[in-house]
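Here's the structure we're looking at; comments come further down.
The values are calculated or read from the model by the stated rules, or taken from the named source; none is laboratory data. Worth saying up front: this structure is predicted, and the values here are computed from it rather than measured. Quick reminder, even Gly has a Cβ in these numbers, built from the backbone with ideal geometry, and neighbours come from all protein chains shown.
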Amino acid sequence: MKSMARQTTVGTKERRRLTNTAMNVLVYVAVGLALVPLILIVADVITLGFPALSVPFLTGLPQGYLLGGIANAIQGSAVMVALGAAIAVPVGVGAGIYFSEWPESRISFLSSFTNDVLAEFPTITLGIFVYIIIVAPTRTFSAFAGAVALSIVMLPIVARTTEESLKIVPVSLREASLALGVPRWKTILRIVIGTGKSGLATGILLAVARAAGETAPLILTALYSNYFITSLFQPAGSLPYLIYYDGGSGFLALQTAAWGAALVLVAFMLVLNLSVKFFIGRRFAGVRAEI
Amino acid sequence: MGTTPFQFPTKIETRGLKASFRDKVVLNGIDLSIPQDRITAVMGPSGCGKTTFIRCLNRLHELTPGATVEGEALLDGENIYGKNVDPVAVRRRIGMVFQKPNPFPTMSIFSNVVAGLTLNGVRDKKTLQRVAEQSLRGAYLWEEVRDKLSDSGASLSGGQQQRLCIARALAVEPEVLLMDEPCSALDPTATAKIEELITNLKRDYTIILVTHNMQQASRVADYTAFFYLGKLIEFDETARLFERPKEELTERYITGKFG
């Protein structure tokens with residue numbers, strides 16, 4: 001048997017080992033570089049935002065140019081994201097079901113394609129759109145308009161992840177259900193969605209996380225308010241807008257408030273993404289039998 | 001081809017059954033009578049249309065986009081492709097077991113067995129428990145799972161999963177059971193158990209068994225139909241088909257000259 005260390009056309013064993021090590025190093029450097037911005041941002045947010053945190057900060061209202069509270073922004077964001085989700089989730093899940101279960105229809109194909117385009121749309125244009133259809137006719141900036149703008153941000157994400165989660169449910173499960181004499185709509189509702197439900201939940205959480213951090217759609221729709229919400233047809237505060245406005249002001253107290261708000265937002269994102277990881281762990285529970 | 005001079009009560013009769021995928025004809029006019037409460041094997045080389053044939057019998061074939069069916073298939077004399085026939089009702093009378101076991105992974109063993117009932121609105125616990133035990137016994141699985149009915153359906157071995165699927169199919173009390181190579185994904189021991197099970201099931205059900213395994217057909221089936229390239233070549237009592245085939249194609253297939 002020839003020695004394994006002989007010269008081959010792909011180079012000596014030694015050269016291959018060096019190349020392997022070099023590639024490993026390059027990959028780790030790349031990962032490090034990619035992490036640097038994230039680490040710096042999170043470090044800044046924590047160190048500069050933490051001093052602002054306190055119970056009055058989280059539950060009180062702004063105090064002019066002094067360090068007041070951000071509860072109005074927290075409430076505004078919560079209300080608009082929740083209302084936006086209430087609109088986007090049923091429509092998005094419905095669309096996702098249609099794309100997945102009736103892929104052969106031309107409407108399905110066109111809508112799915114349009115959906116993907118909408119997902120990449122600059123959100124400021126969504127804000128302009130909602131300004132034209134809601135703010136102008138009602139002659140007021142409003143929480144409702146803000147919610148609608150956020151729902152347009154969320155819709156393509158929910159539809160796309162729903163479609164993909166349902167598509168990976170194996171055909172064999174659909175056929176098993178149909179062969180039992182279960183009508184198609186029930187098969188879709190109970191078996192297909194039942195098996196893909198963690199994927200659906202993931203999509204909804206991702207859409208909510210995205211919408212919570214969007215600023216541009218709110219600038220032209222909800223604008224801002226320093227008070228708690230009394231009516232959905234009045235302007236409303238939001239965390240991203242507060243960060244944008246107070247952060248850009250010349251007052252140190254307000255800038256500190258902005259960092260605090262950023263920390264609240266980042267913490268919320270973290271909780272949401274951890275929930276997503278939890279669901280993903282269960283996402284493939286439905287299809288493990290096939291693997 | 002496929003005229004049968006036998007005298008037996010016919011459960012299913014196909015007349016000129018044609019099936020296509022878009023422009024490709026897969027079944028080219030099948031005239032076949034399936035005897036009641038017997039096991040009929042459908043055999044043939046890959047691509048001969050045997051799986052398409054049984055998928056036409058429970059109206060599953062037409063659900064594939066672009067798939068079409070022509071001709072008639074009579075269940076107890078009534079055409080299942082008739083104008084006002086509800087395919088869902090047909091599938092409750094003609095059940096199917098698939099090649100690869102497909103229990104619902106998010107459901108327990110118990111829920112899997114009674115899925116055909118619960119998904120159709122049956123809620124009474126006593127009924128469900130009675131049907132579950134009956135079906136699991138009928139599928140030779142009761143003793144093995146009676147203590148773990150709430151475990152996931154996917155936690156069983158391959159052979160057990162397939163028996164679970166058989167139990168699930170039996171629970172809706174069909175009259176006909178279509179089996180698409182049910183043992184091809186299983187080891188010999190599991191296969192033997194299921195073959196024994198199938199032989200016992202024929203007392204109460206008409207069974208159509210698609211198989212590419214000639215030994216299995218001769219072990220289990222009362223009658224055998226030989227398909228080739230979408231046509232029915234020969235149909236006879238199993239013993240006679242294997243010992244004295246009438247058609248040359250049949251003889252060549254049986255002696256292993258192709259397929």
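Restricting the stretch B:75-103 to residues that are away from chain A (no Cβ under 11 Å), within 22 Å of B:Phe21 (Cα to Cα) and touching a residue at least 12 places away in the same chain (Cβ under 8 Å), which is surrounded by the fewest Cβ atoms within 10 Å (Cβ to Cβ)?
B:Tyr81
Do we have A:Val169 as within 14 Å of chain B (Cβ to nearest Cβ), in a loop (DSSP other than H, G, I, E, B) and free of Cβ contacts under 8 Å to residues at least 40 places away in the same chain here?
The answer is no for A:Val169.
Kindly establish whether B:Asp23 is away from chain A (no Cβ under 14 Å) and either in contact (Cβ under 8 Å) with a residue 40 or more places away in the chain or under 23 Å from B:Glu251 (Cβ atoms) (or both).
Answer is no for this residue.
Can we say A:Arg184 is of a type in the set (Lys, Arg), out of contact with any Pro (no Cβ under 9 Å at 6 or more places or on another chain) and within 13 Å of chain B (Cβ to nearest Cβ)?
yes
If B:Ser108 satisfies every condition in (1) of a type in the set (Ser, Thr, Tyr); (2) touching a Phe, Trp or Tyr at 6+ places or on another chain (Cβ under 7 Å); (3) closer than 24 Å to B:Gln160 by Cβ but one, which is the exception?
(2)
So which residues in the stretch B:221-249 are surrounded by 22 or more Cβ atoms within 10 Å (Cβ to Cβ) and free of Cβ contacts under 8 Å to residues at least 60 places away in the same chain, if there are any at all?
Within the stretch B:221-249, B:Leu241 is the sole residue that qualifies.
Which of the residues belonging to the stretch A:248-262 are of a type outside the set (Ser, Thr, Tyr), outside any helix (DSSP H, G or I) and over 10 Å from A:Leu66 (Cα atoms)?
A:Gly248, A:Gly250
Suppose the filter is on the phi > 0 side of the Ramachandran plot, of a type in the set (Gly, Ala, Ser), outside any strand (DSSP E or B) and surrounded by fewer than 17 Cβ atoms within 10 Å (Cβ to Cβ); does B:Gly47 pass it?
Yes: the conditions hold for B:Gly47.
Mind checking which residues of the stretch A:238-247 are part of a helix (DSSP H, G or I) and either of a type in the set (Gly, Ala, Ser) or crowded, with 19+ Cβ neighbours inside 10 Å (or both)?
Correct list: A:Leu239, A:Pro240, A:Tyr241, A:Leu242, A:Ile243, A:Asp246, A:Gly247.
In the list A:Leu61, A:Leu38, A:Leu83, A:Leu26, which residue meets the criterion of being in contact with a helix residue (DSSP H, G or I) (Cβ under 6 Å, 6 or more places away or on another chain) and assigned to a helix (DSSP H, G or I)?
Matching residue, one of A:Leu61, A:Leu38, A:Leu83, A:Leu26: A:Leu83.
Can you tell me which of A:Thr195, A:Thr221, A:Thr161 is part of a helix (DSSP H, G or I), more than 14 Å from chain B (Cβ to nearest Cβ) and buried (at least 22 other Cβ atoms within 10 Å of the Cβ)?
Every option except A:Thr161 fails the conditions.
Restricting the search to the stretch B:6-41, which residues are over 17 Å from the mean Cα position of the chain (by Cα) and assigned to a loop (DSSP other than H, G, I, E, B)?
B:Phe6, B:Gln7, B:Phe8, B:Pro9, B:Arg22, B:Asp23
If A:Asn115 satisfies every condition in (1) part of a helix (DSSP H, G or I); (2) closer than 16 Å to A:Ala222 by Cβ; (3) at pLDDT below 95; (4) of a type outside the set (A, V, I, L, M, F, W, C) but one, which is the exception?
(2)
Answer with yes or no whether A:Ala179 is in contact with a strand residue (DSSP E or B) (Cβ under 6 Å, 6 or more places away or on another chain) and either surrounded by 17 or more Cβ atoms within 10 Å (Cβ to Cβ) or of a type in the set (Gly, Ala, Ser) (or both).
Against the criterion (in contact with a strand residue (DSSP E or B) (Cβ under 6 Å, 6 or more places away or on another chain) and either surrounded by 17 or more Cβ atoms within 10 Å (Cβ to Cβ) or of a type in the set (Gly, Ala, Ser) (or both)), A:Ala179 qualifies.
In the stretch B:44-62, what residues are among the hydrophobic types (A, V, I, L, M, F, W, C), free of Cβ contacts under 8 Å to residues at least 60 places away in the same chain and within 12 Å of chain A (Cβ to nearest Cβ)?
Passing the criteria: only B:Leu60.
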